[in-house]
Structure formats: structure tokens, C-alpha cells
Amino acid sequence: MQIASQVKFGDIIILSGDLGSGKTKFVEGFLTYFNLQNEISSPTFTIVNEYDTNDFKIFHFDVYRLEDIDEFSAIGGEEYFEKGVSLIEWGEQIESILPPNYTKITFNRDYLDNNIRNISIEFFGNSNYVIN
């Protein structure tokens, strides 16, 4: 997993796309890079799950069920950005309150072949990864 091998403390990665487009599968692969495959669970009902690596914490958010940005702020969501690496499913919903440096990965299903996903990656601010 190329991105997982390059993340550093403070990185924020927004995962955007329709239901079933691959956001959670991406997180599973990402966490597997850190040998956390046995700890993976969906944060759909808890908003955020926390995972420990040797170098930093990974925070996996699912903000799909949030009513608005204020609800994210009320749970102290922005404070997590300074405590490790944040992966945020449905992150486009809180994009307006993100720090200036983040990465947005958008997943789209190929409607001709349900096993194919088209992925676009956008870098904001000083955020970037080398993708081959």
C-alpha cells in the first residue's frame, strides 16, 4: 500500500465516494500495512476508531451519520488531527473545517464491471505522496 508506507504524523486523508465504492476496503488495506488487520472495525456507529502503530495513532472516522459540522466539532474531532494520522470516510462533509494540508481520495464504481473502482487523488496544501 503505497500511501500507507508514506504517511506521517498529522496526515489527514479524506475518503469520498458512494456507499460500497471502496472507502472501508481502502482503510482495511491501509491498516493491514501496519499489521492491524485483526483490529479492524467499522466506526459507523462510534464515529471514530483508534489504532496504535509503533510511530503514531491512526484515527478512522466515519462521519456519514453526522448531522452537520458542528456535531464533528462537538466530539472534539479537530483535536484528533494533531494526535496522529486521520482517515475520514465521507470526509467531504467536513472539508470546510479541515486544516489546509490534506489528501482527498475519491472512489467511483465502474458501472460496467462491479469489481472495478476508479480512484482519483487530490492533494491540498503541502500534502503529497509518490504514487506509481
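The values are calculated or read from the model by the stated rules, or taken from the named source; none is laboratory data. All values derive from a computational prediction rather than experimental measurement. Quick reminder, even Gly has a Cβ in these numbers, built from the backbone with ideal geometry, and neighbours come from all protein chains shown.
Data overview
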quantity	calculated
Residue that is at positive phi and in contact (Cβ under 8 Å) with a residue 60 or more places away in the chain, where the choices are Gly84, Gly76	Gly84
Failed item in (1) within 17 Å of the chain's Cα centre (by Cα); (2) among the aliphatic types (A, V, I, L, M); (3) over 20 Å from Lys23 (Cα atoms), with Ile75 passing the rest	(1)
Hey, Ser86 among the hydroxyl-bearing types (Ser, Thr, Tyr), surrounded by 17 or more Cβ atoms within 10 Å (Cβ to Cβ) and outside any loop (DSSP other than H, G, I, E, B) or not	yes
Selection count, region 34-79, where residues are modelled with pLDDT of 90 or more, acidic (Asp, Glu) and assigned to a loop (DSSP other than H, G, I, E, B)	1
In region 93-109, the residues that are more than 18 Å from Phe9 (Cα to Cα), exposed (fewer than 15 other Cβ atoms within 10 Å of the Cβ) and touching a residue at least 40 places away in the same chain (Cβ under 8 Å)	Glu95
Tabulated pairs, region 44-70, first more than 15 Å from Leu15 (Cα to Cα) and touching a residue at least 40 places away in the same chain (Cβ under 8 Å), second of a type in the set (Val, Ile, Thr) and surrounded by 13 or more Cβ atoms within 10 Å (Cβ to Cβ), C-beta under 8 angstrom, 6+ apart or interchain	Phe56/Val85
So Val7, is it under 11 Å from the mean Cα position of the chain (by Cα) and either assigned to a loop (DSSP other than H, G, I, E, B) or of a type in the set (Val, Ile, Thr) (or both)	no
Residue under evaluation Phe30, criteria (1) surrounded by 16 or more Cβ atoms within 10 Å (Cβ to Cβ); (2) in contact with a Ser or Thr (Cβ under 9 Å, 6 or more places away or on another chain); (3) of a type in the set (A, V, I, L, M, F, W, C), criterion not met	(2)
Residue, farthest from Thr103 (Cα to Cα), within region 10-20, restricted to residues that are at pLDDT 95 or above and of a type in the set (A, V, I, L, M, F, W, C)	Leu15
